[in-house]
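Each remark here refers to the structure printed beneath this line.
The values are calculated or read from the model by the stated rules, or taken from the named source; none is laboratory data. Note that the coordinates shown come from a computational prediction; the quantities given were computed from them, not determined experimentally. Heads up, the Cβs are rebuilt from the backbone with ideal geometry, glycines too, and the neighbour counts pull from every protein chain shown.
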Amino acid sequence: MAWTEDPTDFLVDFGVTVTASGTTGLGILDMPGEYLHNERVITNEYLLRAETSKFGTLSYNDSIAVEGVAYTVREQPLKVDDGTFCLVLLTKDDTIPPAAQNLTTISGLNLTTILGIPLATLP
């Protein structure tokens, strides 16, 4: 059976504005967490569900804006079911302010979290 509905109709209620490579559309942004024991979150991933016709050609390291917030594409979009929609794994672009400096040990090694995120001073 051929798809006759407009895919945008499925995104109107919960969708947010998505812009990448000069294309604007709607998408649903989720932030599922990965958990370790004692209900501790060890990582949060950003997952965007969007129309494949608009965002299916994104690739690793492409820039994308979701509701005006900058993200980077982590891998090529994964088509869902018949390929009308795709899932795009994203990383939020958190940049350290220019006035901030990385915390280091006496020997000059950068201090990082268990996830490898550098610890920095507040500006």
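Worth pointing out:
- All positions within the stretch 1-39 that are modelled with pLDDT under 70 and among the acidic types (Asp, Glu): GLU34, GLU39
- From THR95, THR72, residue being among the hydroxyl-bearing types (Ser, Thr, Tyr) and at pLDDT below 75: THR95
- Only one of LEU103, LEU109 that is out of contact with any strand residue (DSSP E or B) (no Cβ under 7 Å at 6 or more places or on another chain) and farther than 30 Å from GLY27 by Cα: LEU109
- Listed by first and then second residue, the pairs linking a residue in the stretch 101-122 that is assigned by TED's automatic domain parsing to the domain that holds ASN44 to a residue that is modelled with pLDDT under 80, with Cβ atoms under 8 Å apart and 6 or more places separating them unless they lie on different chains, form an empty list.
- Pairs with Cβ under 7 Å, 6+ apart, first in the stretch 56-83 and touching a residue at least 60 places away in the same chain (Cβ under 8 Å), second surrounded by fewer than 15 Cβ atoms within 10 Å (Cβ to Cβ): ASP82/TRP3
- Qualifying residue in the stretch 52-70 (condition: basic (Lys, Arg) and within 16 Å of the chain's Cα centre (by Cα)): no
- Inclusion of ALA65 among residues that are closer than 21 Å to LEU29 by Cβ and in contact with a Lys or Arg (Cβ under 9 Å, 6 or more places away or on another chain) is not warranted.
- Options ILE64, ILE42; residue that is closer than 23 Å to GLY116 by Cβ and modelled with pLDDT of 95 or more: ILE64
- Looking only at the stretch 11-32, and only at residues there that are hydrophobic (A, V, I, L, M, F, W, C) and surrounded by fewer than 19 Cβ atoms within 10 Å (Cβ to Cβ), the one that is farthest from LYS92 (Cα to Cα): VAL12
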